[in-house]
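Heads up, the thing below is written out as structure tokens.
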Amino acid sequence: MRDHAPIVVHQLSATGGRRVTARGRILGLAYDDLDLVEFLRRAGVDEPEVIIDDPAWIEWRGGRPHDYGNPGLHGT
């Protein structure tokens, strides 16, 4: 069993968005869940939309899950 989730969504950046890493490798800066899902898909995760709320896979650090600090950026 793993001690830590392999994917980390880090704290909010000063300009909005959250850095996403997989086993220490930077995948990108996510501004919403769609970005996160795309980064995971590119990293080879099958059905990434299913695991974004699974703490065995993803650790959300320094803020609430799904909060990217940019209300209205993508029309939401």
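Here, each number is a calculation from the coordinates, and none is a lab measurement. Source: prediction; values computed, not measured.
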(Q) Using only the alpha-carbon atoms, what does the chain span along each of its principal axes? Please give whole angstrom values in decreasing order. (A) 38, 23, 20
**Q.** Relative contact order (%) - criterion: Cα under 8 Å, at least six apart; region: the chain
**A.** 37
**Q.** CD proxy at 222 nm, helix term only [per DSSP H run n ≥ 4: -39500 (n - 2.57); per residue of the chain; nearest 500]
**A.** -4500 deg cm²/dmol
